Each structure stands twice: as structure tokens, then as C-alpha cells.
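Below is one structure, written out as C-alpha cells, with a few remarks after it.
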Amino acid sequence: MDLGISGKRALVTASSKGLGRGCAEALAEAGVDLVLNARGEEALSATAQAIRDAHGVEVTVLAADIVSEEGRAAVLEAAGQVDILVTNAGGPPPGVWSDWSRDDFIAALEANMLTPIALMQAMLPGMMEKGWGRVVNITSQSVKAPIPALGLSNSARAGLTGFVAGTSRQVAQHGVTINNLLPGAHDTDRIDALDRAAADTQGTSLEDVRAAKFKTIPVRRYGTAAEFGRTCAFLCSQHAGYIVGQNILADGGGINATL
Ligand code: NAP
């Protein structure tokens, strides 16, 4: 399917690896020029080159912490106005509800609520002026059903979800859609780190932790960054112009709910 977005420009933050990279690759496959960001320069440059080689699109990179005000300003300056914004940042650390301090909550809010909101506030006016724009925020299945060890994520992402619910309905009349894409367990460095932490806590092996988790997912496996990325690219496509303010789960059926 032609997604109808060839020649457009996208900013994908936190995109040298994992789900962000998956989104960047799928957009590049659709002919979209990219601005990519991550903190680590080496992996970022390698990802950018791999995407240029595979898809022949223009890829600009800016190594910076997207959660810091200075980092974000540098990324926004490098990007200029884009047509498509995919927001992403690292997820908060796991833990227990009684352990988290005010500072822990502030850090989670900065990364997983206030950073995507600041990025949207920077890009939405230009998109509205042009009469076309797409925003996809990578959030989490924790928005639909809380993950006990990820209370910081459960909390911060709920705030972002509320902002998107209200804002998406105000900008849609200008041809701009905002949606959230909610990953369940996907095979990335992040899930590997969480599984290793769980194996340590439970005194079991990584393989046993993964096997136990697969049993809870109807498709019996983790998702891939490639399938997640193509779902994101569809939401950024011309065809998705009537999808507004939605929270779309990509979780292999893991959340057992009728709606
Ligand atoms: P990942 O494999 O660890 O990749 C994270 C990417 O983000 C890397 O490119 C990393 O590069 C970059 N990054 C992290 N913090 C950054 C920052 N402050 N500024 C700029 N770049 C940053 O993670 P992932 O699995 O793709 O997860 C992406 C998001 O989805 C996270 O918020 C995660 O909580 C959420 N999520 C993931 C899953 C899953 O199963 N994978 C499930 C639910 C939710 P640098 O380290 O070099 O900066």
C-alpha cells in the first residue's frame, strides 16, 4: 500500500534503537525524510546510515537528551518544522509503589509526559498552518492496564493520554491528527533489561521469565520493532486522516478486554 507520505519530513525522537527505530525505518520505507535523535552518538549515526543505505531518504541526526530543555531545543532547531512527529523517550525504571520519591515521579513526568507535550506544542502550530500533520506518541499498554512494577510509567503516561484526548480534538479541524500507539511487550533492549531484572528478583533464568510471559500473550511471542513501526507509519499516512485521539494497542492480545 502506498502510504501517500513520500517526500514529507518526520522527527522521531529516541530512535537509534528499539521501537523508535522501528518507526523511523517504516517511515523511511514510505519515502519520508527523517530527523533522528538519541543520546548516544555512535548507535544514532549507525542507524541513520543504515536507513539512508536501505531507503535513500535524507536523514539528519542530533545526539541529545530529549528530556532536557537544552537537548530538546537543539533537536527542535535541527528539525525545523516537520510534517510528522513521533515522540518517544526511555521508559522509567521498575520498582515498588512504596519506594518512589517525589523526584522519581518528577523524572517520569518529565520524560513520559512533559517532553512529548513540549514537542507537540513546538510542532502543532506549523502543522495547523500548513493544514496537514501527523503526531504519534509511543506510550505503553500500561495506559490501558497498569503494570505493577512500572507505576511511574502507569502514572506519567496517563497524564499524556489526557492531554492528547483533549488536544487532538482541537487540532483535527486543521488536518492534524494526534494518536497514541501503545506497545505491549516488544523484543527490544528495554524489555531485555526488564526481563533480566525480573529474573534476578525471582532467582530464575531469563529464558524462564520470557517463557512465562509468552504464556500470557495470545500470540505467544513478543512483538517486533518492525511490525510496531509499520503500524506507526500507517497512523502517519494519508489513509489515517479520520483516526483522531485514539489509543491503539499493539500487544499481541495481551490485555484481556472487550473494548
Ligand atoms: P530501547 O530499546 O531501550 O530504546 C530506547 C531508545 O531511546 C534508544 O535509541 C535510546 O538511545 C533512546 N533514548 C532513551 N532515552 C532517551 C533520551 N532521554 N533522549 C533521547 N533518546 C533517548 O526502548 P524501547 O523498548 O524501544 O522503548 C521505547 C519506549 O516504549 C519506552 O518509553 C518504553 O518504556 C516504551 N515501552 C516499551 C515496551 C517494550 O516492550 N519494548 C513496552 C511498553 C512500553 P540512547 O540510550 O542512546 O539515548
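Just so it is clear, none of the values below were taken in a lab; they were calculated from the coordinates. Since this is a predicted model, take the numbers as computed values, not measurements. Neighbour counts are summed over all protein chains in view; Cβ atoms, including those assigned to glycine, are modelled from backbone coordinates with ideal geometry.
Output yes when any residue across region 133-141 is touching a His at 6+ places or on another chain (Cβ under 9 Å) and either among the hydrophobic types (A, V, I, L, M, F, W, C) or surrounded by 19 or more Cβ atoms within 10 Å (Cβ to Cβ) (or both), and no when none is.
For region 133-141, residues touching a His at 6+ places or on another chain (Cβ under 9 Å) and either among the hydrophobic types (A, V, I, L, M, F, W, C) or surrounded by 19 or more Cβ atoms within 10 Å (Cβ to Cβ) (or both): present.
I'd like the full set of residues that are out of contact with any helix residue (DSSP H, G or I) (no Cβ under 6 Å at 6 or more places or on another chain) and either within 19 Å of GLN238 (Cα to Cα) or not in a loop (DSSP other than H, G, I, E, B) (or both), limited to region 136-149.
Taking region 136-149 and keeping what is out of contact with any helix residue (DSSP H, G or I) (no Cβ under 6 Å at 6 or more places or on another chain), we get 141, 144-145, 147-149.
Selection gives GLN141, PRO148, ALA149.
Of the residues GLY162, GLY223, GLY241, GLY229, which is within 25 Å of ALA26 (Cα to Cα) and more than 14 Å from the ligand (Cβ to nearest atom)?
After applying the criteria, what remains is GLY241.
Quick check on region 66-75: of everything there that is β-branched (Val, Ile, Thr) and part of a loop (DSSP other than H, G, I, E, B), which residue is nearest to CYS23 (Cα to Cα)?
Taking the candidates together, the pick is ILE66.
Consider ALA165 carefully, then state whether it is under 20 Å from the mean Cα position of the chain (by Cα), in a helix (DSSP H, G or I) and crowded, with 18+ Cβ neighbours inside 10 Å. Break it down stepwise before answering.
Details: under 20 Å from the mean Cα position of the chain (by Cα): yes; in a helix (DSSP H, G or I): yes; crowded, with 18+ Cβ neighbours inside 10 Å: no.
So ALA165 fails the test.
Identify the single condition in (1) within 15 Å of the ligand (Cβ to nearest atom); (2) over 14 Å from the mean Cα position of the chain (by Cα) that VAL136 does not satisfy, given that it satisfies every other one.
With (1) within 15 Å of the ligand (Cβ to nearest atom); (2) over 14 Å from the mean Cα position of the chain (by Cα) applied to VAL136, the lone miss is (2).
Would region 209-225 turn up any residue that is in contact with a strand residue (DSSP E or B) (Cβ under 8 Å, 6 or more places away or on another chain), small (Gly, Ala, Ser) and within 25 Å of GLY7 (Cβ to Cβ)?
yes
Rundown of residues vs (1) out of contact with any helix residue (DSSP H, G or I) (no Cβ under 8 Å at 6 or more places or on another chain); (2) charged (D, E, K, R); (3) away from the ligand (no atom under 15 Å from the Cβ), yes/no style:
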position: ALA14; (1), (2), (3): no, no, no
position: LYS17; (1), (2), (3): no, yes, no
position: GLY20; (1), (2), (3): yes, no, no
position: CYS23; (1), (2), (3): no, no, no
position: ALA28; (1), (2), (3): no, no, yes
position: LEU34; (1), (2), (3): no, no, no
position: GLY40; (1), (2), (3): yes, no, no
position: ASP53; (1), (2), (3): yes, yes, yes
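Give just the number: which of (1) under 21 Å from GLY90 (Cβ atoms); (2) surrounded by 16 or more Cβ atoms within 10 Å (Cβ to Cβ); (3) under 21 Å from the mean Cα position of the chain (by Cα) does SER237 not satisfy?
Single failed check for SER237: (1).
Could you identify the single residue in ALA197, ALA212 that is away from the ligand (no atom under 12 Å from the Cβ), assigned to a helix (DSSP H, G or I) and touching a residue at least 40 places away in the same chain (Cβ under 8 Å)?
Of ALA197, ALA212, the one residue that is away from the ligand (no atom under 12 Å from the Cβ), assigned to a helix (DSSP H, G or I) and touching a residue at least 40 places away in the same chain (Cβ under 8 Å) is ALA197.
Only one of (1) surrounded by 17 or more Cβ atoms within 10 Å (Cβ to Cβ); (2) assigned to a loop (DSSP other than H, G, I, E, B); (3) of a type in the set (S, T, N, Q) fails for THR47. Which number is that?
(2)
Which ones in region 177-193 are farther than 18 Å from LYS144 by Cβ and more than 9 Å from the ligand (Cβ to nearest atom)?
Within region 177-193, THR177 is the sole residue that qualifies.
Please enumerate the residues belonging to region 67-105 that are surrounded by 13 or more Cβ atoms within 10 Å (Cβ to Cβ), closer than 30 Å to ASP200 by Cα and free of Cβ contacts under 8 Å to residues at least 60 places away in the same chain.
VAL67, PRO93, GLY95, TRP100, ASP104, PHE105
If you go through region 76-121 one residue at a time, how many are under 26 Å from ARG9 (Cβ atoms), more than 16 Å from the ligand (Cβ to nearest atom), in a loop (DSSP other than H, G, I, E, B) and not hydrophobic (A, V, I, L, M, F, W, C)?
3
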